[in-house]
Amino acid sequence: MFEGKVILTGVKPTGTPHLGNYLGAIKPAIQLGKEALAKGGKHYMFIADYHAINAEKDPAVLNQKLREIACIYLAAGLDPSVSVFYRQSDIPEIHEITTILYAYTPKGFMNKAHAYKAAVDKNREAGKPDDDSINMGLYTYPTLMASDILAYDTDIVPVGRDQVQHVEIARDIAGAFNAHYNEKLLHLPTYYIDDHVAVVPGVDGRKMSKSYGNVIPLFDDDKAIKKAIFSIKTDSRPMEEPKNPEEILVYEIYKSIATPEQLQEMGDGLRQGKLGYGHIKNMLLDAVITEIKDAREKYNYYMAHFDEVERFLQEGAAKARPVAQATLKRLKDTVFGNR
Ligand code: TRP
């Protein structure tokens, strides 16, 4: 399905990614990009730093998050010589495109966009006025995201479920624009959800999420990873008691990282009462450390040599910008009639 397609992934530099993000989003996104490239397509991967300032006002924090995200993607195997890897704020044309698209964006789209609605709901729950602390950046977020997508004639946007609606809005805005001029000026994007990607549970069994405080850290040292893994919930049944692996959280988490043989081994050991919780936690720890070892080294290298990363980002922007410029020209020529 990626034959010759343009794939674009955006990531907001907020939060420090954990193992669940790595296995459930970062690695699959890079994999999709590689598949598209192998089939003659194009892969854009960018850091949505303008989206981040809606929520994060501390430049030092923003800068740190941006560095972490950039280094994580490189460590996880993103190849900036073939993927176009850039930061949003290096492509100023995006804002001109956004301004043009505003004129074609019904306000109602923004009212029902879920990021905005979630913020309103939160205010209501807290007994605050609907618009408390909601800035225009958050409100108009989907139009900026539409520009991110439409600027590069994107075919496919791989997303998690929470972003589906935003891609649909981008598609609707493009459709409205094209319909107005009765011409295919903007390419209609579609979203793609990878159903094979597992949601990784956290150490308490809920979805792994920073807001639940149940994460297994990603590129931390072995000690911190071990501490998190040994805090995974278990019960007090003795080792000898045969257990159904499907009811055991360590096994659930192991599924997202183990080979089929490794998984079989843990499953058999539990069913036969030959493996205790300490054993299986050590097996998971080994698998996690094996998985991340090389990437962690690369990550630490890039964090210490960010000038190299900066060069990649500048090279990426140099490749992305002419494409955004061409789109902007097409739109300006159209709306101002000076073609
Ligand atoms: N809104 C996305 C998120 O919160 C980030 C993003 C911004 C994005 N622009 C994009 C994702 C364009 C895909 C395409 O995760």
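Computed quantities for the displayed model
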{"read-out": "Projected-area mean, the chain, by convex hull of Cα positions, square nanometres", "value": "19.5 nm²"}
{"read-out": "Heavy-atom accessible surface of segment 219-299: percent carbon and sulfur, 1.4 Å", "value": "50 percent"}
{"read-out": "Square roots of five times the Cα gyration tensor eigenvalues for segment 102-244, Å", "value": "41, 21, 13"}
{"read-out": "Candidates per GluC sites (Glu not before Pro) in segment 204-275, loop by DSSP, up to 10 other Cβ within 10 Å", "value": "240"}
{"read-out": "Environment charge at residue 222 (Cβ cut-off 10 Å; Lys +1, Arg +1, Asp -1, Glu -1)", "value": "+3"}
{"read-out": "Normalised contact order of the chain, rounded percent, pairs of Cα under 8 Å and 6 or more residues apart", "value": "21 percent"}
{"read-out": "Label point distance in nm, residue 118-residue 231, each placed 7 Å from Cα along Cα→Cβ", "value": "2.3 nm"}
{"read-out": "With Cα atoms, 0 to 90° folded angle of helix 93-102 axis to the chain main axis", "value": "70 degrees"}
{"read-out": "Anisotropy class of segment 219-299 from Cα gyration tensor, a/c 1.5 cut", "value": "prolate"}
{"read-out": "Trypsin sites (Lys or Arg not before Pro) within segment 43-100: DSSP coil, no more than 15 neighbouring Cβ in 10 Å", "value": "57"}
{"read-out": "For the chain, accessible area per residue (1.4 Å probe, heavy atoms of protein chains only), Å²", "value": "49 Å²"}
{"read-out": "Shape category assigned to segment 273-339 from the gyration tensor of Cα positions, a/c cut at 1.5", "value": "oblate"}
{"read-out": "Order by protection proxy (mean Cβ within 10 Å, highest first), peptides 13-26, 189-202, 122-135", "value": "13-26, 189-202, 122-135"}
{"read-out": "Pairs from 243/281; 226/281; 12/65; 223/243; 298/319; 65/210 whose Cα-Cα separation, in the structure shown, is over 19 Å", "value": "223/243; 298/319"}
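The values are calculated or read from the model by the stated rules, or taken from the named source; none is laboratory data. These numbers were taken from a predicted model, which means no experiment stands behind them. Please note: Cβ atoms are built from the backbone with ideal geometry, for glycine as well, and neighbour counts cover all protein chains shown. With ligands, DNA and RNA removed, areas are computed over all heavy atoms of the protein, side chains included. Shrake-Rupley method; radii C 1.70, N 1.55, O 1.52, S 1.80 Å.
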